[in-house]
Amino acid sequence: MIPLSWYLLLSAFLFICGVLGFLIKRNIITIFMSIELMLNAVNLTFVAYATQLKNLNGHIFVFFVMVVAAAESAVGLGIIIAVYRSRETLNVDRVNLLKL
Amino acid sequence: MLHEILFFIFAAGCVAGAINLLAQKHPINSALSLIVVMASLAGLFLLMGAEFVGAVQVIIYAGAIMVLFVFVIMLLNAGVEEHTKGSRIALILGIPGAAVIAILITWILLRSQQSQAPIAIGQLHGDGASIGRLLFGPFLLPFEVTSVLVLIAIMGAVVLARKEDA
């Protein structure tokens, strides 16, 4: 028997790692991966609460989060490729002009 | 007893992967650590009886999305991340900010009585049949809307990634 709070604390830890990576990383691809990590942490919370409340709706929410994350990563990586084509860099500190 | 041991193995995988993602300088190493996190999360989902979600986690996240990431890292030939003045400011402001968020979330989680409830194996059975019955029953409209969203995402990715003068 594992208390719900262990799952929630693990999920909070993963979410904080995602936030920290989003803030301190300079590579645009790593920042994007941190966002995926945050989405995964929230999925863990959804499934843990679904199990505790004995309600399958949480699993459906996880499914929708995954679909949106897949769409988001496809568009986001397209944007990263477009940025790299015009700026020749992946460092977010060097991408600071609206127009070249 | 086995339940706790499995939980700690998968949780250790998650924690180690997440810390390694932050510690590594090269994006390909971060991507591989993220795959470890996602695979361990799939194990945790299976422990909670979420069979469908665990399978989808492996197929979509650890499979499709991470392959896409590794493809882009290879395609753009991303190297070790370089440090500029902005990165030091981000480090100084980012770590206290994240610490504040961590304390807030932990406090809120541990304050509620509900989070002390135990989770047993087999408490909820999220197999494909019951998920499918929910998706094509009460959640039919959101399901159809996501199909439109995915279609738009496909078109957006094609438009964004093509060459300007083509």
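Taking a straight Cα-Cα cut-off under 23 Å and skipping sequence neighbours fewer than 8 places away in the same chain, the lysines within cross-link reach of B:K85 are A:K25, A:K99, B:K25.
Among the trypsin sites (Lys or Arg not before Pro) within region A:1-84, those in coil by DSSP and having at most 13 neighbouring Cβ atoms inside 10 Å are A:K54. Of the candidates B:Q57, B:Q24, B:Q116, which one comes out as most mobile in a Gaussian network treatment of chain B with C-alpha springs shorter than 10 Å? Among B:Q57, B:Q24, B:Q116, the largest GNM mean-square fluctuation belongs to B:Q116. The 3J(HN,Hα) values that the Karplus relation (6.51, -1.76, 1.60; θ = phi - 60°) gives for region A:78-95 are, in residue order, x, 5, 4, 5, 5, 4, 5, 5, 8, 10, 6, 8, 10, 7, 5, 6, 8, 9 Hz. Gly and Pro appear as x. For region B:71-166, run through the trypsin sites (Lys or Arg not before Pro) and keep only the ones in DSSP coil with at most 13 other Cβ atoms within 10 Å of their Cβ. The qualifying sites are B:R162, B:K163. Mean residue ellipticity, 222 nm, helices only, the protein assembly as shown: the sum of -39500 (n - 2.57) across DSSP H runs of n ≥ 4, divided by residue count and rounded to 500, is -25000 deg cm²/dmol. Put a dot 7 Å past the Cα of B:T106, heading toward its Cβ, do the same for A:V95, and the two dots end up 3.3 nm apart. Among B:I73, B:I101, B:I60, which one shows the highest mean-square fluctuation when chain B is modelled as a Gaussian network with alpha-carbon springs under 10 Å? Of the options given, B:I101 has the highest mean-square fluctuation.
Looking at region A:22-100, the GluC sites (Glu not before Pro) that sit in a DSSP loop and have at most 12 other Cβ atoms within 10 Å of their own Cβ are A:E88. Across peptide B:61-69, the mean count of Cβ atoms from other chains lying within 10 Å of each residue's own Cβ comes to 4. Rounded to the nearest whole Hz, the Karplus-based 3J(HN,Hα) values (6.51 cos²θ - 1.76 cosθ + 1.60, θ = phi - 60°) of region A:18-23 follow the sequence x, 4, 4, x, 4, 7, with x at glycine and proline. The alpha-carbon of A:K54 sits under 17 angstrom from the alpha-carbons of these aspartates and glutamates, leaving out residues fewer than 8 places away in its chain: B:E51, B:D127. For region A:31-39, the Karplus equation 6.51 cos²θ - 1.76 cosθ + 1.60, evaluated at θ = phi - 60°, returns couplings of 4, 5, 5, 5, 5, 4, 5, 5, 4 Hz by residue, with Gly and Pro reported as x.
Between B:L2 and B:Q113, the simple spin-label model (points 7 angstrom out along Cα→Cβ) gives 3.5 nm. Spatial offset of region B:33-82 relative to region B:138-166 amounts to 21 Å, using the alpha carbon center of each.
With a Förster radius of 41 Å applied to the beta-carbon distance between A:V42 and B:K85, the computed FRET efficiency rounds to 0.80. Taking amide H positions as modeled 1.01 Å from N, with prolines and chain starts lacking one, the residues under 5 Å from A:I2 and 5 or more places away or on another chain are B:I119. Given a 10 angstrom Cα cut-off, can you work out which residue in B:G86, B:G13, B:G122 is the most mobile in a GNM of chain B? Its mean-square fluctuation being the largest, the pick is B:G86.
Laboratory data are not the source of any read-out in this text; all were calculated from the coordinates shown. Please read these numbers as outputs of a predicted model, since none were measured by experiment. All Cβ positions, glycine included, derive from the backbone under ideal geometry; neighbour counts span all protein chains shown.
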